[in-house]
Amino acid sequence: MDRFGSLKSWIRTEHLEPDALLSYRESFQTHSARLLVLKQFLQVPVAERLNKFLREEAEYGVEYGLYSNGDEAANEQAWLNADEEDRFFRFSKLGGAHPEYNMSPNMLTYLRFRKAFQDPGFQIFFQELSGMQLGWSDDFGSHSMAAGDFLKPHSDDNRNRALALVIYLSDWRPNFGGELNVVDSQGRRTSIEPEYNSLVVFDVAAGATHSVDPITLKAGNVRRLTIGGWYHKAAVTR
């Protein structure tokens, strides 16, 4: 039986080959931050439809974060009044679609893609890729980062999370900023450009922190668009 048959409409088939998965696992497990980047991850038509939905059809709401607030979002005024050192992040989170695009073909592709992460095939794929036993995966969302937005260093090792993943869906240039920086427990940095249709995964319990460089003014109206989230730890059986 083809374990990944349901994934072939989403993921480029070269990433599903046994030899590729063995190579990915070795790279992931030997990286100092237990991290892997895959380029040209999604099938081309899927990436194009997701890009168009997130770029042209989606509505976003700006979110603000303060280190002093922990996991709780801050309001804009509190964020503006806070010391610079306390400002944790600013970005926008997907809230839905503009009314004229509600249930458009691109939005439907997005909704189906989100739902596909409940498919056991995706869980098996990421288990094979990482060598980790993973649990449920409904902690996903989409974000947009515009000029001036950023995410400062932090760890995702909370809420029973195990494996973080981000898929980049913008046509991006290095001078736009927005690099993901992962710093391992020994202080070694890995910087990842948000290249269109690439995937990054990392083990949130490996002792690393991560951040996103500020988006520069050179980005203009181009936004850093992502779909991402976490797989959680597998349930302990007795």
Qualifying GluC sites (Glu not before Pro) for region 1-89 [loop in DSSP, other Cβ within 10 Å: at most 16]: Glu72
How many angstrom separate the Cα center of region 1-40 from the Cα center of region 181-214? 18
Say the dipole of region 172-238 comes from +1 at the beta carbon of Lys and Arg and -1 at that of Asp and Glu; which of Val200, Gly229, Val183 then lies farthest toward its positive end? Gly229
Taking every Cα atom in region 180-238, find the radius of gyration and the maximum pairwise distance Dmax, and write them in Å. 15.0, 55
Just from the alpha-carbon atoms, what are the Rg and Dmax of region 14-54 in angstroms? 13.3, 36
Report the equivalent ellipsoid semi-axes for region 32-166 in whole Å, largest first, defined as the square roots of five times the eigenvalues of the gyration tensor built from alpha carbon atoms. 28, 23, 13
Counting only protein heavy atoms with a 1.4 Å probe and every protein chain in place, the carbon and sulfur fraction of the accessible surface of region 1-132 in whole percent equals 48
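Sequence gap at least 6, Cα distance under 8 Å: using those rules, report the relative contact order of region 64-170 to the nearest whole percent.
29
For the chain, with every protein chain kept in place, what is the accessible area per residue (1.4 Å probe, Å²)? Can you show the working numbers first?
Details: 12000 Å² over 238 residues.
Ligands and nucleic acids excluded, the result is 50 Å² per residue.
Against the globular-protein guess of 2.2 N^0.38 Å, express the Cα radius of gyration of region 108-168 as a ratio, rounded to two decimals.
Values: Rg = 13.8 Å, N = 61, 2.2 N^0.38 = 10.5 Å.
Rounded to two decimals, the normalised Rg is 1.31.
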Kindly give the semi-axes, whole Å and largest first, of the ellipsoid equivalent to the chain, taking each as the square root of 5 times a Cα gyration tensor eigenvalue. 27, 23, 17
Dipole magnitude of the chain about its Cα centre (Cβ charges: Lys, Arg +1; Asp, Glu -1), debye to nearest 20: 460
From the C-alpha gyration tensor of region 140-238, pull out the three semi-axes of the equivalent ellipsoid (sqrt of 5λ each), sorted largest to smallest, in whole Å. 26, 15, 10
Using only the Cα atoms, what convex hull volume per residue in Å³ does region 73-138 have? 156
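The values are calculated or read from the model by the stated rules, or taken from the named source; none is laboratory data. Only a predicted model underlies this, so the values are computations on that prediction, with no experimental measurement involved. We place every Cβ from the backbone using ideal geometry, glycine too, and count neighbours over all the protein chains shown. To get the accessible areas, we keep the full protein, side chains included, count just its heavy atoms, and leave off ligands, DNA and RNA. Shrake-Rupley method; radii C 1.70, N 1.55, O 1.52, S 1.80 Å.
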